[in-house]
Amino acid sequence: MSDLYWLTDEQMERLRPFFPKSHGKPRVDDRRVLSGIIFVNRNGLRWRDAPQEYGPHKTLYNRWKRWSAMGIFIRMMEGLTTGKAEPQTIMIDATYLKAHRTASSLRLKKGPPGRLIGRTKGGMNTKLHAVTDRNGRPIDFFMTAGQISDYTGAAALLDGLPPAEWMLADRGYDADWFRDALEEKGIKPCIPGRKFRGKPIKYDRRKYKRRNRIEIMFGRLKDWRRVATRYDRCPTVFFSAICLAATVIFWL
């Protein structure tokens, strides 16, 4: 089938350093299996519906679950980001990802962090917080339940911010503690003030217009149907799907 996705030899060489070592019996063709995993995630398929060209669907599923639990897909994005991001200007924002009924079981999962699915006016969903470079390429992610405040995501991502000159964000991040924390890191905030502030906040309107690039990034991530709609109950597996999509779209 001509419409199948296949990783190139160059892309495989860039990903290979992040593969775990094979113990005992050698793994089956990494290129075939990874290409199949990407195809299933991009198109939102059930694993049993994967095309036969990618091999047995159980092989794809087992590799996906095992490597997700090991954090391999997260390390791929983090490793490819290092040294290639352009963090002179960074941006932060959050978006909602709707949870399918197969993921939104009302039974509570024991122990942290839970399922990270919350209820808002839009229904059951998960919130993805992201930091990107000046070109809108993702540097770091944090995931919470949908009803959690943007401030929680900002606080979680704060320590991992790269050295930068500017931070662009919408007025949802207008908080004195966040501005002070950025300035302590030597980052100038370009954030409009909330309307209830008595004294208007000055910011660079021309520079702020570049913030649309993080919105474009979220849109491209949601082109992957398994990201736009959360089918997985396990938050680790779903987070791996997000990191895999970001790796393929922006860093390969």
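The values are calculated or read from the model by the stated rules, or taken from the named source; none is laboratory data. What you see is a predicted model, and the numbers here were worked out from it, not measured in a lab. Glycine also receives a Cβ, built like all others from the backbone with ideal geometry; neighbour counts cover every protein chain displayed. Only protein heavy atoms, including side chains, enter the accessible area calculation; ligands, DNA and RNA are left aside. Shrake-Rupley method; radii C 1.70, N 1.55, O 1.52, S 1.80 Å.
Hey, could you check the stretch 61-86 for residues that are in a loop (DSSP other than H, G, I, E, B) and on the phi < 0 side of the Ramachandran plot and say which is most open to solvent (accessible area, probe 1.4 Å)? Step through it out loud before you land on a result.
Of all residues in the stretch 61-86, those in a loop (DSSP other than H, G, I, E, B) come to 71, 82-86.
Those still in the list that are on the phi < 0 side of the Ramachandran plot too: 82, 84-86.
Numbers: T82: 105, K84: 90, A85: 28, E86: 72 Å².
Across the stretch 61-86, the extreme among qualifying residues is T82.
If you check A169 against the conditions, is it under 15 Å from the mean Cα position of the chain (by Cα), of a type in the set (G, A, S), modelled with pLDDT of 95 or more and open to solvent by less than 70 Å² (accessible area, probe 1.4 Å)? So A169 fails the test. Only residues that are open to solvent by less than 30 Å² (accessible area, probe 1.4 Å) and assigned to a loop (DSSP other than H, G, I, E, B) were counted across the stretch 118-161, and they come to 4.
Among the helices (runs of 4 or more DSSP H) confined to the stretch 173-252, the ones with at least 3 residues that are small (G, A, S) and surrounded by 17 or more Cβ atoms within 10 Å (Cβ to Cβ) are located at 235-246.
Please find, among R213, R194, R205, R220, the residue that is under 15 Å from I90 (Cβ atoms) and of a type in the set (D, E, K, R). Write out each step before concluding.
On the way: R194 fails: under 15 Å from I90 (Cβ atoms); R205 fails: under 15 Å from I90 (Cβ atoms); R220 fails: under 15 Å from I90 (Cβ atoms).
Going through R213, R194, R205, R220 in turn, the sole match is R213.
For the stretch 197-211, indicate whether the set of residues that are more than 20 Å from D159 (Cβ to Cβ) and under 22 Å from the mean Cα position of the chain (by Cα) is non-empty. The answer is yes; a qualifying residue exists. Scan the stretch 27-44 for residues that are touching a residue at least 40 places away in the same chain (Cβ under 8 Å), surrounded by fewer than 20 Cβ atoms within 10 Å (Cβ to Cβ) and either more than 25 Å from E10 (Cβ to Cβ) or more than 16 Å from the chain's Cα centre (by Cα) (or both) and the total you get is 2.
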